[in-house]
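The values are calculated or read from the model by the stated rules, or taken from the named source; none is laboratory data. Computed from a prediction, not measured in an experiment: that's the story for all the values here. Here the Cβ positions follow ideal geometry from the backbone for every residue, glycine too, while neighbour counts run over all protein chains shown. Ligands, DNA and RNA are excluded from the accessible area calculation, which covers all protein heavy atoms including side chains. Shrake-Rupley method; radii C 1.70, N 1.55, O 1.52, S 1.80 Å.
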Amino acid sequence: MTIDPLAMLRPRRKIMGISAILLPFLENGEIDWRSFVQHVIRTRDAGLMPAVNMDTGFGPFLSDADKAKAIEYTRCEMAGKPFAAGVFVSDQPGSPFQQDAYARQMEHIAQQGGIPVVCQSFGLTSLPDDQLVRAYHDLGSHVSRFIAFELGQMFAPFGKIYSLEVYAELLKVKSCMGAKHSSLSRELEWQRLKLRDQQRPDFHVFTGNDLAIDMVMYGSDYLLGLSTFAPQLFAQRDQYWETGDVRFYELNDKLQYLGAFAFREPVPAYKHSAAQFLKLLGSIESSKTHPNSPMRPESDVEVLKEIATQLSQ
């Protein structure tokens, strides 16, 4: 596929922003539900759609009860406005695809007014392409709308970036309103945007590229973990783009600097970076994260403080 990025620029486009919500923890290791709710409210008030129980919210590690509590708190605060929630099925390499487990979670989220985000698993990504496509069609029959998800293995070992042929088949799943693309590759995302424009213009390509958040300039929307650091500033940036305000570029540059620092190797440690940053801002009580999440050094705090200062200006 021939790609001309300059020809794909979409100035003054209204961007759909979905922000993955960090699940904060207290120093004693318990979930900080009060700070979680406040973060949902900040994200909602900024004009972004909250997405709970995603990787940023430690969805793969949460109990069913905690995932249900996150959805319930979010439903109450959104008061009828849409939100998204991750669908995670924990399994091991070689496990079969657990369609019923996926369907139950999707139905629960939809019943609460949310949009399910179908996250990958070993069982799902090990399916042959024809069965993989059929699985998405079958899952889509359980809800009126959902978001698919391609995940690079730098984020999780069960991740898989689909072929462009499989992606083209995803566009045919009527209830699939869009798909998050997290390969960290501009070229692969440009290919999906071009295919989307040709075959189904209403389909949302949600960039998950925290190292290239300017993909919104080319027609991507976003479902990002980086936006959890500063939802108000992401919303401001999006408004600048929609109105043609040149301040978009400088603000995008500063947010991208934050992304480059927070999403360096090991990439999953970005969640600790987010906790450090939000604690600096006084938005959460502790920078502690889930025990299964990798940590950043304490020396990162001084760099994050400098970035916060730049963003405040």
In vacuo Debye scattering of segment 191-261, one point per C-alpha: log10 I(q)/I(0) at q = 0.14, 0.18, 0.23, 0.24 Å⁻¹?
-> -0.43, -0.69, -1.03, -1.09
Pulled fully out, how much extra length does the chain show between Q256 and S144, if you take 0.36 nm times their separation in residues and subtract their Cα-Cα distance?
-> 36.9 nm
Ranked order, I115, I41 - accessible area, probe 1.4 Å, largest first = I41, I115
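Per DSSP helix of 4 or more residues, -39500 (n - 2.57); summed, then divided by the residues of the chain. What does that give at 222 nm, rounded to the nearest 500?
That comes out to -13500 deg cm²/dmol.
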Within the accessible area of the chain (1.4 Å probe), percent carbon and sulfur | 51
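Mind giving me the FRET efficiency for M1 and N28? R0 is 45 Å, r the Cβ-Cβ distance, nearest 0.05 is fine. Can you show the working numbers first?
Numbers: r = 52 Å, r/R0 = 1.16.
Working from the Cβ atoms, E equals 0.30.
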Would you calculate the separation in nanometres between label points at H137 and K305, each defined as 7 Å from the Cα along the Cα-to-beta-carbon direction?
-> 5.8
Multiply the residue gap between M154 and S90 by 0.36 nm, knock off their C-alpha separation, and tell me the result in nm, one decimal place.
-> 21.3 nm
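For the chain, what is Rg from Cα atoms divided by 2.2 N^0.38 Å, rounded to two decimals?
Computed over Cα atoms of the chain, the ratio equals 0.94.
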Pairs K271/K305; K69/K174; K180/K271; K14/K194; K81/K288: which exceed 21 Å Cα-Cα?
-> K69/K174; K81/K288
E72 versus D245: modelled label distance in nm, points set 7 Å from Cα along the beta carbon direction | 4.0
Whole-Hz couplings from phi, Karplus 6.51/-1.76/1.60, listed for segment 164-174; x for Gly and Pro = 5, 5, 5, 4, 4, 6, 4, 4, 8, 7, 4
Is any residue of segment 44-65 close enough, with backbone N under 15 Å, to a label point placed 7 angstrom from the Cα of A79 along the Cα-Cβ axis, and if so, which?
-> 44-47
5 angstrom amide H check on S90, placed H, neighbours 5+ away | none
Whole-Hz Karplus couplings 3J(HN,Hα) for segment 214-227, θ = phi - 60° and coefficients 6.51, -1.76, 1.60, Gly and Pro as x, run 7, 4, 5, 5, 9, x, 6, 9, 8, 9, 10, x, 4, 5
Roughly what % antiparallel, to the nearest 5, for the DSSP beta bridges in the chain?
-> 5
For segment 179-308, what is the convex hull volume of the alpha-carbon atoms per residue, in Å³?
-> 113
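Ignoring ligands, DNA and RNA, what accessible area per residue does the chain give at 1.4 Å, in Å²?
Result: 41 Å² per residue.
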Which ³J(HN,Hα) values, rounded to whole Hz and listed in residue order, are derived for segment 205-211 from phi using the Karplus coefficients 6.51, -1.76 and 1.60 in 6.51 cos²θ - 1.76 cosθ + 1.60 with θ = phi - 60°, glycine and proline given as x?
-> 8, 8, 5, x, 8, 6, 9
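Quote the FRET efficiency, to the nearest 0.05, computed for L281 versus R12 with a Förster distance R0 of 25 Å and r equal to the Cβ-Cβ distance.
Values: r = 31 Å, r/R0 = 1.23.
My answer for the efficiency is 0.25.
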By its C-alpha gyration tensor, with a ≥ b ≥ c as the square roots of the eigenvalues, how is segment 10-133 shaped: rounded for a/c under 1.5, else prolate for a/b larger than b/c, else oblate?
-> oblate
Averaging sequence separations of C-alpha pairs under 8 Å and six or more residues apart, then dividing by the length of the chain, give the relative contact order as a whole percent.
-> 20
Residues with beta-carbon under 12 Å from that of S185, excluding S185: net charge, scoring Lys, Arg +1 and Asp, Glu -1?
-> -1
If r is the Cβ-Cβ distance from D202 to E298 and R0 is 45 Å, what FRET efficiency results, to the nearest 0.05?
-> 0.45
